[in-house]
Structures are given as C-alpha cells and as structure tokens.
Amino acid sequence: MSNTQQAMTLLITTFDKYSSKEGDSNTLSKAELKDLLENEFGQMLMKTNDKAALDRIFNDLDRNKDNSVDFKEFVTLVCCLTQLCHEYFVSKK
Ligand SMILES: [Ca+2]
C-alpha cells in the first residue's frame, strides 16, 4: 500500500475508533470529538479543556446541524489542518 493509501486508511480507522465509543457508531458526538482531538491532534490544536473552543470547532464541523460529526464533516477538519501544515512546510523551505 502506498503512503497516501495508508494515510487514508488511518483516517478511517481513527474516526471509527472514536465514533464507535458511544451512541451512533457512524458519527462523533461532542465528547467523542473531544477525545479524538485531544489524543490525536493534542499538540497541534489545543486546549480542548477550553469548552468554548470545543463548542466552536464542533459547531463549525457539524454542517448539517444534527448535533454529531460524521466522517464527511470530520475530513473537512483534517483538510484544514493539512492545509495549515502545508503552508507551514512551504514557508520553511
Ligand atoms: Ca453532522
């Protein structure tokens, strides 16, 4: 498997690991999103003990306002973070 395929697989399995913790196993609740952000993006993002920040991220991600974050909504976060990382990478070249 190529590195890109591995990265995509990792995104799917990571999402699944957290989404299957409680309630609907295909979506992230706010608590599941908090765990995921803290454990997987810790150094990059936060501060998820900042409740206002978590609320803002959750509400931004939950585009269809069903009070949960599905995989499609989750990947928008990953895309944003990847773009930020890329900008940083380019600026350091
Ligand atoms: Ca949603």
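Return yes or no: is MET1 in a loop (DSSP other than H, G, I, E, B), among the aliphatic types (A, V, I, L, M), away from the ligand (no atom under 15 Å from the Cβ) and surrounded by fewer than 15 Cβ atoms within 10 Å (Cβ to Cβ)? Spell out how you get there, then give the answer.
Working: in a loop (DSSP other than H, G, I, E, B): yes; among the aliphatic types (A, V, I, L, M): yes; away from the ligand (no atom under 15 Å from the Cβ): yes; surrounded by fewer than 15 Cβ atoms within 10 Å (Cβ to Cβ): yes.
Against the criterion (in a loop (DSSP other than H, G, I, E, B), among the aliphatic types (A, V, I, L, M), away from the ligand (no atom under 15 Å from the Cβ) and surrounded by fewer than 15 Cβ atoms within 10 Å (Cβ to Cβ)), MET1 qualifies.
Does ASN64 satisfy the criteria of being over 10 Å from the mean Cα position of the chain (by Cα), within 15 Å of the ligand (Cβ to nearest atom), part of a helix (DSSP H, G or I) and free of Cβ contacts under 8 Å to residues at least 40 places away in the same chain? Don't jump to the end; show me each part of the working.
Details: over 10 Å from the mean Cα position of the chain (by Cα): yes; within 15 Å of the ligand (Cβ to nearest atom): yes; part of a helix (DSSP H, G or I): no; free of Cβ contacts under 8 Å to residues at least 40 places away in the same chain: yes.
No.
Regarding LYS72, is this residue out of contact with any helix residue (DSSP H, G or I) (no Cβ under 8 Å at 6 or more places or on another chain), among the basic types (Lys, Arg) and at pLDDT 95 or above? Walk me through it before giving the result.
Working: out of contact with any helix residue (DSSP H, G or I) (no Cβ under 8 Å at 6 or more places or on another chain): yes; among the basic types (Lys, Arg): yes; at pLDDT 95 or above: yes.
Yes; evaluated as a whole, the condition is true for this residue.
Which residue, of LYS72, LYS34, LYS21, is open to solvent by 100 Å² or more (accessible area, probe 1.4 Å) and assigned to a helix (DSSP H, G or I)? Give the steps one after another, and end with the answer.
On the way: LYS34 fails: open to solvent by 100 Å² or more (accessible area, probe 1.4 Å); LYS21 fails: assigned to a helix (DSSP H, G or I).
Just one listed residue meets the conditions, LYS72.
The values are calculated or read from the model by the stated rules, or taken from the named source; none is laboratory data. All figures in this text were calculated on a predicted structure; none of them were measured in a lab. Because the Cβ atoms are built from the backbone with ideal geometry, glycine has one as well, and the counts that use them run over all protein chains shown. The accessibility values were calculated without ligands, DNA or RNA, using every heavy atom of the protein model including side chains. Shrake-Rupley method; radii C 1.70, N 1.55, O 1.52, S 1.80 Å.
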